[in-house]
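Worksheet for the structure shown next.
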Amino acid sequence: MPKRVLLLVMPFLTLRRPHLGVGLLKAELNRKGLECDIRYYNFRFAGVIGTAVYERIAENTPTHHMVGEFIFTPALFDEVRPFNDFMAAIGSDLKRYDGPFLQQIERARNLSPAFIHECASQIDLDQYDIVGLTSTFQQNVASLAMGKEIKRRAPHIVTAFGGANFEGVMGVELHRQFPFVDVVCSGEADDIFPEVVRRLRSGEPLHEMGGVTCRLGGETVTGSTPQTFVTGLNDLPYPDHTDYFREFTAAKEKPAMGPELTMETSRGCWWGQKHHCTFCGLNGLSMTYRSKSPDRAYREIKYLLAEYGDFDIFNTDNIVDLRYFSELFPRLISEGIKAKLFYETKANLKKTQLMLIKRAGSYSIQPGIESLSSHVLALMDKGIKGIQNVQLLRWAREMDLDVQWTIIYGFPGEEPEDYQKVTRLVGAIKHLQPPLVVTRFRLDRFSPMFKDPAKYGIVNVRSYRGHQICYPFPEETLQRIAYFLDCNPPMTPETFREIKNMWQAVDTWRQFHPKSALTAEVTPSSLILRDRRAGYPMADYTYHGLARDLYLALDGVHSDSFLLEWARTKYPSAQYTADDVQRILNEFLAHDLVLCEDNLYLALALLPLDRITDDVPEKLGTAAERMPAALGT
Ligand code: B12
Ligand code: SF4
């Protein structure tokens, strides 16, 4: 009987959706005639500790607290920190954990060794010669514990590890520290892993394979040839999510969210290739943007829906391929396929593009909004302005699209005024969707700030307390296995004071958002703006003529010079001057009905969607200076 490959998905991966990486690896192995099974042991642990508790740990605890990792430490190490060390490590954040939740975490921790033993005892180890463990987010300690137990029971089995926690130097160091880790594949393994399996079975050496770490004469060695990445995404198989859906169906207690269909239409980031956002480690070692053809993406969507059911599609892409706006989304719409796509995008989409995403079935997007301050966004090298981010928030609200976004602060070079401006702005946009979280940046591996902290004035780079209580390793080792590190950014007390003010303003925003509205009623000759924002006098403002038209033109961000030229083009005989336009803009500004940033303006009221301003071209004439380059899409 030929042996099979077993891939294991350990806690704490969410139960909400299948793991794309292992689904792809299984499909690729099968395509090459290699038999493979996947076991989703995350479901099993959820069965032990309760699905709601499981999902809260997996999805709703701060990453750097590493709760899920701490839970599995007794299953991996003989000596571990007492539970109280966890509470000490998270310090003032302890208030996020109520008493019953802390007890559940402690109970889960006490049960973790028995869980690992039980899982290992249920595997028929004679069937397999290679067991692969995937590790991203808080899956590391459980995966290592499982690898250790399998190796103890069946030394003949080769353990292979991969996933984001094993990319680059992290995987090499983990291999060095844990003798039961036989092989590590760094990064994308679609091509590498089947080749590893083949070589292991034919007795060929691995040590020269790029991106692969193994043992040679007892020493950890990594292939010296460069690691390769998938170039043709069209050639990848469709992911095999059968095992996930089997577990999901069998689970007695279902998660509150899901199931979703995980897929990818691209890897890497076309923006990051040119301007790597300073905090972003999203693409690890493979930033180069590669995407599936619109036709391939279309066929895969249809396949997944037909094969597994009409569930939401969760795309793992970092950034959407702009070709999809003309060649994929319209096709889905015209064929009536409601794909409920979740996409990460850049925020400088056109309104028509956002509308297409919505019409293709999306109800939620993650548009990479990380600040409302243009200066802070420039420090991040995001290539977008704060006013454009507000534009997207407003359009999304008009379309009833949920926007998952965050405010990240702490970037070297921030000034107190940056946050004073955001605090003022926040007061005026309570009718738009507030951020999910406000958080200081983390030093993520592979990001420009991680690679060269000194350049950004970042000092005292150190491991998080979470890593310290999980692994009994010296600081130097912790820094090599950690995906993210703690540090002291060069933040002045004045800036921090303003950040705290902004925090408060955001709290108020969250509180009053459901009760705030700023809407527009448009007739052929008038515009009535109904202001019901918390903190503003309840008022209706009526405008006619040029004022009405200018406001509608401000559906999108435009400069004052653009508006003047547009007014002159629309009313050639009126001979409007810059003062005429400015007077009207000042009237809007007096009531915070528009947002102004430098010479750029944007309407803040929600405009009726049937009035997408076809009559206002995005650019007039050919003068490129009318729209700053950053505003292009
Ligand atoms: C989509 C995504 C999400 C989704 C959820 C993903 C999911 N599966 O549920 C959302 C938006 C919710 C999300 C949230 C977060 N994410 Co995220 N996310 C991603 C992203 C962009 C894609 C992941 C993906 O599916 N890729 C595609 C598949 C095909 O790749 P893969 O799973 O890695 O598998 C390949 C290889 O790793 C390898 N492989 C995988 N397993 C195995 C096993 C074996 C045996 C072998 C040999 C090989 C192997 O082969 C596979 C095929 O090539 C990655 C970045 C990236 N480019 O990968 C970040 C990433 C995974 N996220 C990251 C982070 C930090 C977060 C957040 C903490 C962000 C935050 N809030 O600060 C949260 C935390 C969420 C949580 N629950 O804890 C980090 C993870 C770091 C880490 N070491 O775990 C990544 C790597 C990005 C980064 N550099 O910051 N994320
Ligand atoms: S933050 Fe987003 S846009 Fe910037 S480099 Fe990372 S993936 Fe690309």
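By the Cβ-Cβ criterion of under 4.7 Å, the unpaired cysteines of the chain are CYS36, CYS119, CYS185, CYS214, CYS269, CYS470, CYS487, CYS596. Cβ-to-Cβ counts within 10 Å put PHE411, PHE342 in ascending order as PHE342, PHE411, the fewest first. The alpha carbon centroids of the stretch 283-342 and the stretch 254-274 are separated by 10 Å. The ranking of CYS269, CYS277 from fewest to most other beta carbons within 10 Å of each one's beta carbon is CYS277, CYS269. Between ALA251 and ASP98, the simple label model (points 7 Å from Cα in the Cβ direction) yields a spacing of 2.2 nm.
Counting other Cβ atoms within 10 Å as a rough exposure proxy, the listed residues LEU604, LEU332 run LEU332, LEU604 from fewest neighbours to most.
Summing Lys and Arg as +1 and Asp and Glu as -1 over all other residues whose Cβ lies under 12 Å from the Cβ of GLY91 gives a net charge of +1.
Determine, for each peptide in 28-41, 98-111, the mean count of other beta carbons within 10 angstrom over its residues, then list the peptides with the highest first. Spell out each step's value before the answer.
Numbers: 28-41: 18.5, 98-111: 15.2.
The densest-packed peptide leads the list: 28-41, 98-111.
Report the residues of the stretch 178-206 in range of a label on LEU285: point 7 Å along Cα→C-beta, backbone N strictly under 11 Å from it. The answer is 185-189.
Between ASP78 and GLU35, the modelled labels are 3.8 nm apart [label points 7 Å from Cα along Cα→Cβ]. Relative to one another, the C-alpha centroids of the stretch 218-246 and the stretch 528-599 are positioned 54 Å apart. Here the average projected area of the convex hull drawn through the C-alpha atoms of the chain stands at 29.9 nm².
Across the stretch 33-157, counting alpha-carbon atoms alone, Rg and Dmax equal 15.5, 53 Å. Under Stokes-Einstein, with the Kirkwood radius over Cα pairs as Rh, the value for the stretch 124-212 at 4 °C and 1.567 mPa s is 99 µm²/s.
3J(HN,Hα) along the stretch 588-593, derived from phi through the Karplus expression 6.51 cos²θ - 1.76 cosθ + 1.60 where θ = phi - 60°, amounts to 4, 5, 4, 10, 6, 8 Hz, with x in place of Gly and Pro.
Using just its DSSP H runs of length 4 or more, each adding -39500 (n - 2.57), the chain gives a mean residue ellipticity at 222 nm of -11500 deg cm²/dmol after division by all residues. The Cα center of the stretch 61-105 and the Cα center of the stretch 458-509 differ in position by 18 Å.
Within the set of other residues whose C-beta is less than 9 Å from the C-beta of ILE319, count the net charge using Lys and Arg as +1 and Asp and Glu as -1. Within the 9 Å Cβ shell, the charges total -2.
How far, in degrees from 0 to 90, does helix 20-31 lean away from the longest principal axis of the Cα atoms of the chain, to the nearest 10? Result, in degrees: 60.
Here, each number is a calculation from the coordinates, and none is a lab measurement. Note that the structure is predicted; figures quoted are calculated from it, not measured. As a convention, Cβ positions derive from the backbone with ideal geometry for all residues, glycine included, and neighbour counts pool all protein chains shown.
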